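Only the coordinates and a few stated rules stand behind these numbers; no lab work does. If you're wondering where the values come from, they're calculated on a predicted model, not measured in any experiment. Note that each Cβ is placed from the backbone with ideal geometry, even for glycine, and that neighbours are counted across all protein chains shown.
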Amino acid sequence: MSEIPVAEQPAAREGAALLSVDDVSIQFGGLKALDHVSFDVREGEILGLIGPNGAGKTTCFNVMTGVYQPTSGEVRFAGSPLGRRKRFAITRLGIARTFQNIRLFGNMTALENVLVGADAHHRTNVIDALIRSPRHRREEREGEETAREVMKFLGLERRADELARNLSYGEQRRLEIARAMATKPRLLCLDEPAAGFNPAEKAQLMDLIRRIRDRGLTVLLIEHDMGLVMGVSDRVAVLEFGRKIAEGVPADVRNDPAVIAAYLGTEVDDLDDEEANL
Amino acid sequence: MTQGKASPDTESAVARTTPKSPRLGWDRGALSRRVTNLPKPAKWTLIGVLVVLLYLLPLLEIPILSTPDTDFGAVLFTVASYVLVALGLNVVLGYAGLLDLGYVGFYAVGAYTVAVLGSLQAQLSWWLLIPLAVVITTISGVLLGAPTLRVRGDYLAIVTLGFGEIIRLTALNTEWLGAAKGITGVPRPPSVELFELPHLQWEGATAVIDLDDKTKFLVFGVADQAPYYWLALTVIFIVLGADRMLRLSRVGRAWEATREDEDAAELMGVPTFKFKLLAFASGAFIGGLSGALFASRQGFINPESFQLLLSILFVAAVVVGGAGNRWGVIMGAIVVAYLPERFRGFEEWRLLVFGMALLILANFRPQGLIPPRRTRRAQAVDEQLDALEEGTDRVRDPRG
């Protein structure tokens, strides 16, 4: 884990809470996947969400993006509760995500994948499309501008007309980020973006995540790779068995006895599982 | 995997591609590429000639194409109405990926609207009946879709299968809808007699203009069916244009995204339910239109005309042709509708031969006759990757 140079750690960014997870519990039958979890994602920061396998990280993402409804507690985004909003409505509100297992639209081109993201805010309907109305033309133009710009930012501009499924693994991971960014989110949630990456690719990814933050986006990062999380996050929250056991700047979290206890002894299992995932 | 730094990525991509069974594939792209690369005027001339040829088809009576046992104009109309249905089903099945096994239901609703309101219960004008049929069918599509599109895959297939049967059984058991004896006197399209067009007559390889065999333009009668074919062909061209417009827009992208991964689409801001319903309604629109044309050509309909088998044939047309490609499904519809008519002379053998033809196609062209451009290109890359993988496997053998 120490191969990756730990970047200089900026002091925790002070900002208003963009997303608040407030006392959220979620229960699947007898299993408490999340148990009274609370944390804030502050505007403009990179928050790392870590924890051993099965700690509830992805469940947490799913609650934030409307896939699951919390059993109790609520999630607020920019001050207003998500409530029972549909998933696409939450995306329009400004939360976008990537997936742990890549879920691109494989038989569409890379550009079309990103255009679907850009379409999140478009209103073109059947009539507009049939008569090629001004709205259709304006939105197509804007959508393509957005998509190409985002793809350029992620270094995918030369792969635009390639089918998504034909891109290399690393490109597919970046395309997922591009697609999510095209929805013009305020909060970008990355679910294990470094899975299957080698150290060089991880270093590039860290740089990319910082550049995304520098564009004004807030980033929430789920990651197994401690070196990456500690290196890039402004703050870190740690989950274990559905409960938050620590939160703070990386240096503090790293030395937190509860965190060390959570990771020691599970590390070997963790590595096995990670290998199985690859 | 062509150039540039490719080391880690190439390997992982190769390793991640699931092995595919070897497929027969030949490059069908060559012809279409050559056509697309033509200069614009040449391309438009080519398209124009093709369109004129299509319209002249019933007059040319080309010996190999013509059906010796049935009126060629009637066969052409049947083929055209299948093409129309296939285009409609392609929106539902090919673009949005919703398996609809009750598509004949929409066809029936369109036909029955024209028959019931044009003959049995009211005598509305044909010009009013067609839009009415289309509107009612579209509404029926929304009514069917709203509760059922929440289920996916096989379950949707079962529900739609039921819908097709319900429509037929309702018609069969309702006096108001003509019950088992059906409805006669369905209004035909209004005729305007403008001029007469002679047919060709072939003797061997030479053709002479046959002045005794003429088609009146534009009289929708009983004997000469060519005008119905012209009407259906015109409708097909309009539907093709609309299809293209939708496909190249936010709507088409949303359909495709929904087909590829519904949950991911929803999380990328696509209101998938709304777009699935829209696909269903568009499909119903086109199916109803085709049914309405069918009824006004036939002059008589009964529930027997809307058997379950027809739904299966419609799906076969789309799948055989290549779901998701409009030219593919047109080819599929032609195969499904034309071949049985062409070989009607073989009587009881013809269904057997037809079934075998479908089996052979399913075996050797699983992607359809003309698969979507993307699938075809993806397939080529898959083959490259397979080849690569074989190579790397040998290298990796010691590791297992």
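Mean separation of Cα pairs under 8 Å and 6 or more residues apart, divided by the residue count, gives region B:38-388 a relative contact order of 30 percent. Remark: mean inter-chain Cβ contacts per residue of A:159-170 equal 4, using a 10 Å Cβ-Cβ cutoff to other protein chain atoms.
From the alpha carbon centroid of region A:88-126 to that of region B:261-308 is 25 Å. Projecting the alpha carbon convex hull of region A:11-131 along each direction and taking the average yields 10.6 nm².
For the pair A:Gln100 and B:Thr174, what calculated FRET efficiency results from E = 1/(1 + (r/R0)^6), where r is the Cβ-Cβ distance and R0 = 60 Å, to the nearest 0.05?
With a Förster radius of 60 Å, E is 0.65.
Bridgeable lysines around A:Lys57 (alpha carbons under 23 Å apart, same-chain partners fewer than 8 residues away excluded): A:Lys32, A:Lys86, A:Lys202, A:Lys244. Averaging the Cα positions of each part gives two centres, and for region A:8-84 and region A:192-225 these lie 19 Å apart. Cα centroid separation, region B:95-146 to region A:169-191: 43 Å.
How many percent of the alpha carbon pairs in region B:229-292 exceed a separation of 17 Å? Of all Cα-Cα pairs in region B:229-292, 47 percent lie more than 17 Å apart. Computed on region B:137-240, with alpha-carbon pairs under 8 angstrom and 6+ residues apart, the relative contact order is 15 percent.
For peptide B:259-266, the mean count of partner chain Cβ atoms within 10 Å of a residue's Cβ comes to 6. Using every alpha carbon pair in region B:38-388, what percent of pairs falls into each 10 Å bin from 0 up to the bin containing the largest distance? Values per bin, smallest distances first: 5, 23, 32, 26, 11, 3, 0. Placing dummy labels 7 Å off each Cα toward the beta-carbon, the span from A:His121 to B:Phe346 is 6.0 nm. For chain A, the convex hull spanned by the alpha carbon atoms encloses 141 Å³ per residue. Mean-square fluctuation check for chain A, GNM, Cα pairs under 10 Å: which of A:Ala178, A:Ala203, A:Ala110 is largest? Highest fluctuation among the options: A:Ala203.
Take every Cα-Cα pair in the protein assembly as shown and report what % of them are more than 50 Å apart. Roughly 25 percent, once rounded to a whole number. Going from the fewest other Cβ atoms within 10 Å to the most, the residues B:Thr215, B:Thr113 appear in the order B:Thr215, B:Thr113. Averaged over peptide A:173-184, the number of partner chain Cβ atoms lying within 10 Å of each residue's Cβ comes to 1.
So how do B:Glu341, B:Glu256 line up by other beta-carbon neighbours within 10 Å, fewest first?
B:Glu341, B:Glu256
If only the Cβ of Lys and Arg carry +1 and only the Cβ of Asp and Glu carry -1, the dipole of the protein assembly as shown around its Cα centre is close to 1780 debye. Calculate the FRET efficiency for B:Asp210 and A:Arg210 from the Cβ-Cβ distance with a Förster distance of 60 Å, rounded to the nearest 0.05. For B:Asp210 and A:Arg210, the calculated efficiency is 0.15.
Fewest Cβ neighbours within 10 Å first, please rank A:Arg87, A:Arg254, A:Arg141 accordingly.
With the fewest neighbours first, A:Arg87, A:Arg254, A:Arg141 line up as A:Arg141, A:Arg254, A:Arg87.
Computed over region A:94-230, the range of Cα coordinates on each principal axis works out to 53, 30, 21 Å, biggest value leading.
Put simply, when B:102-110, B:196-204, B:332-340 are sorted by average Cβ atoms within 10 angstrom per residue, most first, you get B:102-110, B:332-340, B:196-204. When the charge dipole of region B:38-388 is built from unit charges on Cβ atoms (+1 for Lys and Arg, -1 for Asp and Glu) and taken about the Cα centre, the candidate among B:Leu59, B:Pro366, B:Thr272 whose Cα reaches farthest toward its positive end is B:Thr272. Highest mean packing comes first when the peptides B:278-286, A:54-62 are listed by Cβ atoms within 10 Å, giving B:278-286, A:54-62.
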